[in-house]
Every structure is written in structure tokens, then in C-alpha cells.
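Below is one structure, written out as C-alpha cells, with a few remarks after it.
The values are calculated or read from the model by the stated rules, or taken from the named source; none is laboratory data. In this text the structure is predicted, and so the values were computed from the model without any measurement. Counting neighbours? That spans all protein chains shown, and the Cβs are built from the backbone with ideal geometry, glycine included.
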Amino acid sequence: MRAIELQTANGIDNLTLVTRSVIQPGPGQVLVRMSAASLNYRDYATVTLGQMPLPLVPCSDGCGFIEAVGSGVRRVQLGDRVAPLFFQGWLSGAPRPELLGTALGGPIDGTLQEYMLLSEQGVIRVPEHLTDQEVSTLPCAGLTAWRALVVEGGLKAGDTVLVQGTGGVSIFALQFAKAHGAEVIVTSSSDVKLERARALGADHLINYAREPQWSSAVLSATHGRGVDHVIEVGGANTLAESLKSVRLGGHIALIGVLSGYVQSLSIPEMFRTNARIQGVTVGNRDQFEDMCRALAQNRIHPVVDSAFPLAQTREAFRLMESGGHFGKIVVDVNA
């Protein structure tokens, strides 16, 4: 089978198309024939920053079909279309250190390969109304947005949600918020991307390139109250503005670090808001299955920006590096 590997060094230019052996499943295991994979910022960081032991097959998200099953398999059967869990060992309950060490795309080989050998516990059936490419966007970006807003945030109709940017998690958050009857504010430095967000239901648009102190615009849009939820993907350079934007007792889901890792914050400002700032790292299998039911019931389609054949994986990562995408970047594993 074909696979993409980082072999001895990190960097986009070191992503290499290789041939590997296909291993047949043992007891409790399934062989998944992959059809699509998608990229997350975590994958870009893993490839470029050298966070994981090498060699490594990158990427955590994908879609495939059950090609073979080992003895004792009951959760799935031959031919089922499935997505792998981001954390292969986190099935339910709260996160624990040993469970968060079972992530695909580092330390476990990821989805940029034609076949994957997984535990039957590490895959779920997926909604029928989605294409393979759309399914491939669900395990990390989709589930992160779902857990941030629905599971941890308690999202309900009438809430107001601030979404930073138009990447994968942010667009999922926009879609989930609108499906729950919430009002959504989207920030971006691109008017073109903001108009695309409007087409998906965004109620208020803020170009942060023109309004770097964008919390003022957020407070204006909420009549001074502030938002109930912030999807915080920027990190160091945006968290201070998020604190100024959230309502008294609101919820900030800290998800990304696109603008940096370290920032000095005003502790009195954190006291003033009484806000709950919570780190969110994807979610468990129970939450994934709940999300899939919601996607099916609401007929939500993930937004796929572009798709690349497996041999052009480097180009897919370069697009992510440029920040030029809207929604998700996909790799067609079969192409």
C-alpha cells in the first residue's frame, strides 16, 4: 500500500510517498481501506515542529471502509463506512493522561495511508448523507467544535457565539451554533471569507485587519452584553480581546494557538468577567457518535475547501501554511 511518511526529519519537504505492507487484522481488530483524510493545524505543527518520534504517518482524520475483520469483532462489519477516533483509547468519560496518548497522527501512525489496522473500538459508523471527503473532516475539527459548544458550553437557542476565523473548527462551530438557534459573530481578515461565512448563516461579520480591537465591535453587536461563547483559536494574540468580548460568566473554549503560545493577561480582567476558560482537546467516542446523530438529523454538510491526491500531500500542507483555505483541506487517499 501507499503511505505518506516523515522518515528521518521534519518539514513539509520531507513528506515522502512510500510503500508499506498491509497487515491483516487479529482478534478485535479491523482493517480499514482509507478513502480520504483531512488536515488540521495540529498536523501542520506535527510535520513542521518535530513534536513526535519518527518515522510517522501524519494526520488524524479520515474516512474509510471495513475491508477485513479479526475474530470477535462485533461493533462493525465488512463494508461499513467508518471514521477513526482521534484518540483511539478515549471511548467515554473525562480525559485522562493515558487516553490522550493514543492520538492518531502522532504518536500513532495516522490516516495518510491506503490501509489502517485499528481496534474495532477505535472506529465509528458515519452519517450516510455525507461524502467520504466530508466524513474525513469529522474526527478532530468537527468533534472539537461540538465538544466546545454543546458538551462543555451547554449551547442553547438564543445564545451568542463568537467564532474566530474560518478554518475547520471555526466553520463547524458556526454550523453547530446555527443548528442550535444561536446568533453567530465571525472574525476574519478577509472580506471574501466573511461573505462566505455570511452565506453559512453568520449574523455579524468583523474584519480584524481593519478593527484590531475587535472586542468593541463584538460589544456593539451584543448591545454591550458580550457573547455567551468564544471559540478561541488564535491563542496568545487574541485571548485578551476574547476576555473583553465574553459576557459576565460566559465560556471561552481555548482550542488553538495560531498566533502564538505565550501571552501576559490581566488577572483583574479575568476576575471581572467571571468567565470560564477551558482547554478543549477533541473529544471521546460517545461525543463523536452524538455529533454524528446531530449532523444526520440537521443534514449538516462540512465545508471542504479543496482536495489533493495523495502524491500532492505537500501541496495540501502548503495551502494550510498559507492560511488561504476556508473550511477543510482534504487528501484523496485513492487518487
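Annotations
- Odd one out for R225 among (1) in contact with a Ser or Thr (Cβ under 9 Å, 6 or more places away or on another chain); (2) crowded, with 18+ Cβ neighbours inside 10 Å: (2)
- Scanning the stretch 45-53 for residues that are buried (at least 19 other Cβ atoms within 10 Å of the Cβ) and in a helix (DSSP H, G or I) turns up at least one hit.
- Subset of the stretch 139-155 that is surrounded by fewer than 24 Cβ atoms within 10 Å (Cβ to Cβ) and in contact with a strand residue (DSSP E or B) (Cβ under 9 Å, 6 or more places away or on another chain) - its residue that is nearest to T281 (Cα to Cα): R147
- Leading residue by the ranking (nearest to G323 (Cα to Cα)) among those in the stretch 24-44 that are out of contact with any Phe, Trp or Tyr (no Cβ under 8 Å at 6 or more places or on another chain) and part of a loop (DSSP other than H, G, I, E, B): N40
- Neighbours by Cβ (under 6 Å, 6+ apart or cross-chain): first from the stretch 54-67, crowded, with 24+ Cβ neighbours inside 10 Å; second of a type in the set (K, R) and modelled with pLDDT of 95 or more: G64/R33
- Test result for A83, of a type in the set (G, A, S), modelled with pLDDT of 95 or more and either under 26 Å from G165 (Cα atoms) or crowded, with 23+ Cβ neighbours inside 10 Å (or both): yes
- Annotation note: of L100, L91, the sole residue that is of a type in the set (A, V, I, L, M, F, W, C), assigned by TED's automatic domain parsing to the domain that holds A36, in a loop (DSSP other than H, G, I, E, B) and at pLDDT below 95 is L100.
- Against the test of being modelled with pLDDT of 95 or more, in contact with a Leu (Cβ under 7 Å, 6 or more places away or on another chain) and of a type in the set (D, E, K, R), the options D191, D159, D109 yield a single qualifying residue, D109.
- Selected residue (only one of V169, V151, V184, V126 is within 26 Å of L248 (Cβ to Cβ) and in contact with a Lys or Arg (Cβ under 7 Å, 6 or more places away or on another chain)): V184
- Identity of the residue in the stretch 209-222, assigned to a loop (DSSP other than H, G, I, E, B) and in contact with a strand residue (DSSP E or B) (Cβ under 8 Å, 6 or more places away or on another chain), that ends up surrounded by the most Cβ atoms within 10 Å (Cβ to Cβ): W214
- Residue match in the stretch 160-176 (condition: buried (at least 20 other Cβ atoms within 10 Å of the Cβ), over 21 Å from Q213 (Cα atoms) and more than 14 Å from the chain's Cα centre (by Cα)): no
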